[in-house]
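To start, the structure under review is shown below, and the notes come after it.
The values are calculated or read from the model by the stated rules, or taken from the named source; none is laboratory data. Quick caveat: nothing in here was measured; it's all calculated off a predicted structure. Neighbour counts are summed over all protein chains in view; Cβ atoms, including those assigned to glycine, are modelled from backbone coordinates with ideal geometry. Just so you know, the surface numbers come from the protein's heavy atoms only, side chains and all, with ligands and any DNA or RNA stripped out. Shrake-Rupley method; radii C 1.70, N 1.55, O 1.52, S 1.80 Å.
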Amino acid sequence: MKKEQDISELERKFQEKIDQDIKIEPKDWMPDNYRKTLIRQISQHAHSEVVGMLPEGNWITRAPNLRRKAVLLAKVQDEAGHGLYLYSATETLGADREDCIDDLHSGKAKYSSIFNYPTLTWADMGAVGWLVDGAAIMNQVPLCRCSYGPYARAMVKVCKEESFHQRQGYEIMMALAAGSVEQKEMAQDALNRFWWPSLMMFGPPDEDSKHTKQSMDWRIKRHSNDELRQMMVDITVPQAEAIGLTIPDADLKWNEEKGGYDYGEIDWDEFWNVVKGNGPCNKDRIDTRRKAKENGAWVREAANAHAEKRKARKLRRAS
Amino acid sequence: MHTRKKEKRENLEEHHKKYIMANKEWPLWEVFIRSKQGLSHKHVGSLRASDEVMAIENARDVYTRRSEGISIWVIESSNVFASSPDNADSLYDPANSKVYRHPTFYDVPDGIEHM
Amino acid sequence: MNSLFEYLIRLGDDSLILGHRLSEWCGHGPVLEEDIAMTNISLDLIGQTTSIFEYAGKVEGKGRSEDDIAFLRYQKDYKNLLLVERPNGDFGVTMMRQFLFDAFRKPLFERLVNASDAQLSAIAAKSLKETIYHLRHSSEWIIRLGDGTEESHQRIQDALDELWKYTAEMFVEDEVDESLLADGILPSMKGLKEEWMATVNSVLEQATLTIPTNNWEQHGGRNGKHSEHLGFILTELQYMQRAYPGMEW
């Protein structure tokens, strides 16, 4: 048991390291809360990748041509990979992957609310890639420099791989926007449905965000929610204009003074409702994941049993 | 009576063993990849697999989807012994004073090349 | 009838339909690592489909693209094996279907590498590399599940019993094969079935599984006579192309 004085000394040294941008590595001393916050944040992120496979996975068998099918499949596969990189980072903190997953299935752990919206048309594959991955990248790029080494390294890999995700989404939108009347309508409709939920992805406004200050001090978050949201709007508006789509916000206006766009009120009631479980797909998404785990139980069990048998046989041969 | 009790206990143990087996996670493996000939294997992350054969295959699928590697090592995480950061001072600091291990320690006159 | 075109359609449809089936697993695998492995195999199969149909379009010479061929035919014009359109079932059925197929595809591609047709040979060479990996993956799973728990053993044995009758169709040689063999386009397929059987026997033995005694053979796919399942696969596969005809995506 360490004395209180020792702890505060350790904490001081810890913060000093962070302030000097020295990475924290798994076996280094860290405050309990830093560890807990990271486990929560990284596993939430991992869950988002894995649940995020579903709304897009939904369209793989219906993709309109072979090229789009292969690209979509590769993208959804990447998401599984990214979930894995991130679970692997939580395991360096002493968390257990299956425990984290059980928390997801019981509703104790959250994931990005955006995946509780349905993907209704092919254009949604465009909108999700362009906006949802766009917002995710905005969130993730600064995390490549976060203070926890394994998380930062995972994010570097994720960001490198995700660069094609947003492009393929935008390319889908571009093709639709340049296509027939039906296709253009499909694209605009997808933008209309995904625009606001994408802006919500950055989380509640800064004044309501309870974790921001501490997380910024610990450098496991490097920009505030509102800063990131503003960047997203400023970057995306010209992209929409370039392909002739309209952002569904009557209040959207360039503000010369701040050098960015002013945008309309976000419906935070909707946001909190979806977070609480009342989104259009919350139950379906979790049920699907839970079922995958349950249906796979006998397979995982068999692999364990087989590994034991093999080990035993090897020992017998050796003796 | 006695045998019934024993039987019951054995059943319970059997049941318990089955439960553990069904819920036991596959072991964790650390993955090392050689990205090209001439470089050493580098740690890239971890994954779960029931045996070493599966671990290699999973590593190929998870960590080399973009041809990042030509050779893979996997090591069960429980077999990795790590130095403790608390001892870092005694382990690594002494090396700091041994500057003579580094080539810049030595003076070489101007005009001498290839050394 | 153009035999080479017909042959390519059979080859490509096997890849297309099995790739489709495997892609249905995406997001539902028994463990994340296996989800990734199955999508990898599916991606390989879709890649094969693309190059095979690209070439089929050229051979046919009517200006059809790989997508026209993949998406815009009627059910009877698809020539895949009945085996690959079987529903995924549980993970055991999926792996058994994969194994029986991979064990056939590997020696097939090994022979097709020697085809006098340069394009076909190149496609086979690339596909062979992929198939070797697929076969290793599926074989290992058959052994794990067969020689795993009582439950897994039963499930994988059931899968074998269910799928066995669809395997004979892989080795039928009809006038398409015969004319290509006669023209020297296809290399000899001698020993193909024996090689397949040897792989199957060796893996099933390690997996402690037994080949079913019922020798009934179910044929049809190669001649366009499919099971009811294909219709539903095509309904999904073709949805966009049929609902929005003639558009670019």
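Residue under question is residue C:122, and the condition is that it be surrounded by fewer than 16 Cβ atoms within 10 Å (Cβ to Cβ), within 20 Å of residue C:13 (Cβ to Cβ), within 20 Å of the chain's Cα centre (by Cα) and among the small types (Gly, Ala, Ser); does it hold?
Details: surrounded by fewer than 16 Cβ atoms within 10 Å (Cβ to Cβ): yes; within 20 Å of residue C:13 (Cβ to Cβ): yes; within 20 Å of the chain's Cα centre (by Cα): yes; among the small types (Gly, Ala, Ser): yes.
Yes: the conditions hold for residue C:122.
Select, from A:288, A:236, the only residue that is closer than 25 Å to residue A:177 by Cβ and either more than 14 Å from chain C (Cβ to nearest Cβ) or open to solvent by less than 80 Å² (accessible area, probe 1.4 Å) (or both). Walk me through how you get there before you give the answer.
Numbers: A:288 fails: closer than 25 Å to residue A:177 by Cβ.
Unique residue meeting the criteria: A:236.
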Q.
Give all pairs with beta carbons closer than 8 Å in which a residue from segment C:153-170 that is under 21 Å from residue A:309 (Cβ atoms) meets a residue that is acidic (Asp, Glu) and open to solvent by 20 Å² or more (accessible area, probe 1.4 Å); count only pairs at least 6 apart in sequence or on separate chains.
A. C:155/C:90; C:159/C:90
Q | Test: residue C:142 is open to solvent by 40 Å² or more (accessible area, probe 1.4 Å) and within 30 Å of residue A:308 (Cβ to Cβ) | A | no
Q. Looking only at residues in segment A:81-94 that are more than 9 Å from chain C (Cβ to nearest Cβ) and part of a helix (DSSP H, G or I), which one is nearest to residue C:41 (Cα to Cα)?
A. A:82
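Looking at residue A:241, is it at pLDDT 95 or above and either open to solvent by 80 Å² or more (accessible area, probe 1.4 Å) or in contact with a His (Cβ under 7 Å, 6 or more places away or on another chain) (or both)? Before you say what the answer is, go through the steps one by one.
Values: at pLDDT 95 or above: yes; either open to solvent by 80 Å² or more (accessible area, probe 1.4 Å) or in contact with a His (Cβ under 7 Å, 6 or more places away or on another chain) (or both): yes.
Here the answer is yes, as residue A:241 does meet what is asked.
Each row is one residue, and each column tells you yes or no for (1) within 11 Å of another protein chain (Cβ to nearest Cβ); (2) in a helix (DSSP H, G or I).
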{"position": "A:152", "(1), (2)": "no, yes"}
{"position": "A:160", "(1), (2)": "yes, yes"}
{"position": "A:164", "(1), (2)": "yes, yes"}
{"position": "A:167", "(1), (2)": "no, yes"}
{"position": "A:179", "(1), (2)": "yes, no"}
{"position": "A:182", "(1), (2)": "yes, yes"}
{"position": "A:188", "(1), (2)": "no, yes"}
Q | segment A:1-48, subset within 14 Å of chain C (Cβ to nearest Cβ) and in contact (Cβ under 8 Å) with a residue 60 or more places away in the chain, residue nearest to residue A:92 (Cα to Cα) | A | A:43
Q | segment A:96-109, residues that are open to solvent by less than 50 Å² (accessible area, probe 1.4 Å), closer than 12 Å to residue B:25 by Cβ and either more than 8 Å from chain B (Cβ to nearest Cβ) or in contact with a helix residue (DSSP H, G or I) (Cβ under 7 Å, 6 or more places away or on another chain) (or both) | A | A:97, A:100, A:101
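Can you go through A:276, A:311 and tell me which one is away from every other protein chain (no Cβ under 14 Å) and either open to solvent by 40 Å² or more (accessible area, probe 1.4 Å) or touching a helix residue (DSSP H, G or I) at 6+ places or on another chain (Cβ under 8 Å) (or both)? Give the derivation first.
Values: A:311 fails: away from every other protein chain (no Cβ under 14 Å).
The match here is A:276.
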Q: Among the residues of segment A:41-80, write down those that are under 21 Å from residue C:37 (Cβ atoms) and either β-branched (Val, Ile, Thr) or touching a strand residue (DSSP E or B) at 6+ places or on another chain (Cβ under 8 Å) (or both).
A: A:50, A:51, A:60, A:61, A:71, A:76
